[in-house]
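Below is one structure, written out as structure tokens; the observations come after it.
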Amino acid sequence: MNYDGDIIRPPSEADSIILQVTVGCSHNHCTFCGAYKDKQFRICSDVEVNENIAFAARYCSRQPKVFLADGDALILSQRRLTALFRRIRIKLPQVRRISLYGNAKAIRSKSLEQLRELKELGLDRIYMGLESGNDEVLTRVRKGENAASMISAAHKVGQAGIFLSVTVLLGLGGMVQSLEHARATGMALSKMAPRQIAALTLMPLTGTPLGEEVAKGDFLLPDALSMLKELKEMVTCINCDKVQFMANHASNYLPISGRLGRDKDAILTTIDQAMNGRIALTPEVYRAL
């Protein structure tokens, strides 16, 4: 398989065939993200994609899932996406699920009918980064969206019957807006009603604008206890049923997984126990992106 640069994928796509259809991210202005800073966004040619599909057909014939990389494959035109999905169906007949990253702009660029067409052709899951439900935080980190615009995009995905996984980032409000960020994020998630929520913890990267803010002392990163308070506040404010909640990414201080609202009380109890020192936190040396 030929890839242009490093490939980023969700943890749950570890066993998927990774097909790169775009290089980088079409937005690529978020101050906290260093994943695509060294890439100029472009759409891969049909020749590149077809070569990788041929490779997958030969060597990945038992893998039933495909993930389309890079940052926002959904930005492709409907014509190119439908042609790609049909090609996957023909060349990789064992594939039962296609997933991709989709930012709110890309989702809004598709009509409901177009999203439903993609679902019929195999699109099962869209991963979307909310990061924060607080508009001031979103503006400061140059997300290019506000909470309302991302909630609207989430509703469209839900109406199309596609599984939506939403990522949020603990600590993104800094110490100054810590609980406000957590509270607004929980409320936004409630309105989005995704099928899955993944909470990561901010780890500022050298070379990113936010990393520079931290180095200069202009952004105060919440400590471990404050991150737990954020997590508790966010979970408290989430009112969703039958949503998988995961805070078990390697960046997190406290690995948690469960279903909301069934396991909400148990999750909050676990966070309280960690805050009171009865559950050990992940040491800094073991935390990673």
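For the chain, the antiparallel share of DSSP beta bridges with both residues in that region comes to about 20%.
Each residue of segment 249-255 was assigned a 3J(HN,Hα) from its phi angle through the Karplus curve 6.51 cos²θ - 1.76 cosθ + 1.60 (θ = phi - 60°); the sequence is 5, 4, 7, 7, 6, 9, x Hz, with glycine and proline shown as x.
A P(r) calculated from all alpha carbon pairs of the chain, with 10 Å bins opening at zero, reads 6, 28, 34, 23, 8, 1 percent. Once the chain from L179 to R79 is taken as fully extended at 0.36 nm per residue, the excess over their C-alpha distance is 31.7 nm. Taking the chain as a whole, the Cys residues whose C-beta sits 4.7 Å or farther from every other Cys C-beta are C25, C44, C60, C237, C240.
Highest average first, the peptides 231-239, 183-191, 156-164, 261-269 ordered by how many other beta carbon atoms sit within 10 Å of their residues are 183-191, 231-239, 156-164, 261-269.
Residue by residue, segment 126-138 carries 3J(HN,Hα) couplings of 10, 9, 10, x, 7, 6, 8, x, 9, 5, 5, 5, 4 Hz when phi is fed to the Karplus relation 6.51 cos²θ - 1.76 cosθ + 1.60 (θ = phi - 60°); x denotes Gly or Pro.
Between amide H atoms placed 1.01 Å from N, distances below 5 Å from I279 occur with A274, all of them 5 or more places distant or on a separate chain. Among the chymotrypsin sites (Phe, Trp or Tyr not before Pro) found in segment 54-130, not one is both in a DSSP coil and sparsely packed, with 10 or fewer other Cβ atoms within 10 Å of its Cβ. Using a cut-off of 21 Å between Cα atoms, the listed pairs K65/K91; K191/K242; K156/K242; K37/K156; K65/K191; K143/K229 include K37/K156; K65/K191; K143/K229 as exceeding that distance.
For the chain, the longest principal axis of the C-alpha atoms and the axis of helix 178-192 are separated by about 40°. Between amide H atoms placed 1.01 Å from N, distances below 5 Å from T167 occur with M128, G129, L130, E131, A198, all of them 5 or more places distant or on a separate chain.
For segment 166-220, a Kirkwood hydrodynamic radius built from all Cα pairs, placed in the Stokes-Einstein relation at 10 °C and 1.306 mPa s, yields a translational diffusion coefficient of 130 µm²/s.
The HN-Hα couplings worked out from phi for segment 141-152 by the Karplus form 6.51 cos²θ - 1.76 cosθ + 1.60 (θ = phi - 60°) are 8, 6, 5, x, 9, 10, 4, 4, 5, 7, 5, 4 Hz, whole numbers, x standing for Gly and Pro. Placing +1 on each Lys and Arg Cβ and -1 on each Asp and Glu Cβ, with no other charges, gives the chain a dipole about its Cα centre of roughly 1160 debye. Loop-located trypsin sites (Lys or Arg not before Pro) in segment 13-78 (DSSP state other than H, G, I, E, B) with a sparse environment of at most 10 neighbouring Cβ atoms within 10 Å: R62.
Model label sites at A224 and D15, defined 7 Å from Cα along the beta-carbon direction, differ in position by 3.3 nm. Placing a label point 7 Å from the Cα of M1 along the Cα-to-Cβ direction, the residues of segment 58-89 whose backbone N falls under 16 Å of that point are 58-73, 88-89.
Taking amide H atoms as placed 1.01 Å from N in the peptide plane, the amide H of F67 lies under 5 Å from those of I17, I18, L19, S99, each 5 or more residues away in sequence or on another chain.
Since only G158, G173, Y286 are under comparison, the one whose Cα sits farthest along the positive direction of the charge dipole of the chain, derived from C-beta charges on Lys, Arg, Asp and Glu, is G158.
Computed from the coordinates by the stated procedures, all read-outs in this text should not be read as laboratory data. Bear in mind the structure is a predicted one, so any value in this text is a computation, not a measurement. Counting neighbours? That spans all protein chains shown, and the Cβs are built from the backbone with ideal geometry, glycine included.
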